[in-house]
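All remarks here apply to the structure that follows.
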Amino acid sequence: MTTGIYCIRCKTTERVYVGQSRSIPLRWEWHRKNLAEGEHHSYKLQEDWNKWGAGAFVFEVLEILDEGVSDAALTGREMSWCSKLKSIKEGYNILIPGQNYEKWKRRWRGRKKTTKKKKPSKGRGGGRAAAAQLVKNFVPP
């Protein structure tokens with residue numbers, strides 16, 4: 001097992017997702033599977049994956065840590081890398097390391113996959129066609 005900090009970097013945009021794991025290869029497998037299925041918890045990462053494709057992304061190990069490292073120390077190292085690479089403000093991380101992921105996951109399960117396109121809303125006024133008709137029929141006072 002490889003314990004440490006890793007990142008997923010988009011070669012096109014240079015944005016990154018930083019994560020921690022006690023088994024980095026298994027974690028990468030999980031990320032790839034969820035991204036391919038359109039179900040990744042980071043909607044920002046999922047949107048760029050859908051836009052640029054798998055070939056635009058690289059998985060990199062940032063730091064290898066001792067197998068016996070505490071959870072708190074592992075989270076501390078992840079937080080340090082998130083700060084250094086600005087992955088929360090400018091990248092793909094949507095939660096601060098150590099936040100309650102389980103609570104967030106429960107809310108996430110109710111969301112639809114980002115690979116599906118939403119139908120345009122017709123709204124109250126009938127959309128563009130109605131607006132165009134109003135403009136066409138407009139008579140100045």
Of the residues in segment 81-92, those that are part of a helix (DSSP H, G or I) and either touching a Lys or Arg at 6+ places or on another chain (Cβ under 7 Å) or aromatic (Phe, Trp, Tyr) (or both) number 1
Within segment 8-41, residues under 15 Å from Val61 (Cα atoms) and within 12 Å of the chain's Cα centre (by Cα) come out as Ile8, Arg9, Cys10, Val16, Tyr17, Val18, Gly19, His31
Condition set within 18 Å of Met79 (Cα to Cα) and either at pLDDT 95 or above or touching a Ser or Thr at 6+ places or on another chain (Cβ under 8 Å) (or both), scope segment 24-44, selection surrounded by the most Cβ atoms within 10 Å (Cβ to Cβ): answer is Ile24
Out of (1) among the aliphatic types (A, V, I, L, M); (2) out of contact with any helix residue (DSSP H, G or I) (no Cβ under 8 Å at 6 or more places or on another chain); (3) part of a helix (DSSP H, G or I), the one Val58 does not meet is (3)
For Leu95, are the conditions met, namely being surrounded by 12 or more Cβ atoms within 10 Å (Cβ to Cβ), within 18 Å of His31 (Cβ to Cβ), at pLDDT 60 or above and not polar (S, T, N, Q)? yes
Conditions (1) touching a helix residue (DSSP H, G or I) at 6+ places or on another chain (Cβ under 8 Å); (2) among the aliphatic types (A, V, I, L, M); (3) not in a loop (DSSP other than H, G, I, E, B) -> Ile96 fails only (3)
Over segment 6-23, the set of residues without any contact (Cβ under 8 Å) to a residue 40 or more places away in the chain and either under 12 Å from Leu85 (Cβ atoms) or surrounded by fewer than 14 Cβ atoms within 10 Å (Cβ to Cβ) (or both) is Glu14, Ser23
Within segment 1-30, residues touching a strand residue (DSSP E or B) at 6+ places or on another chain (Cβ under 8 Å), more than 16 Å from Trp52 (Cα to Cα) and of a type outside the set (A, V, I, L, M, F, W, C) come out as Thr2, Thr3, Gly4, Tyr6, Gly19, Gln20, Ser21, Arg27
The number of residues in segment 61-80 that are of a type in the set (A, V, I, L, M, F, W, C) and in a strand (DSSP E or B) is 3
In the set Glu63, Glu78, the lone residue that is surrounded by 13 or more Cβ atoms within 10 Å (Cβ to Cβ), of a type in the set (D, E, K, R) and over 18 Å from the mean Cα position of the chain (by Cα) is Glu63
Exactly one of Leu85, Leu65 is out of contact with any Asp or Glu (no Cβ under 8 Å at 6 or more places or on another chain), modelled with pLDDT of 95 or more and closer than 18 Å to Tyr17 by Cβ, and that residue is Leu85
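The values are calculated or read from the model by the stated rules, or taken from the named source; none is laboratory data. It should be emphasised that the depicted structure is a prediction, and the values quoted were computed from it without experimental measurement. No Cβ is skipped: glycine too gets one built from the backbone with ideal geometry, and neighbour counts run over all protein chains shown.
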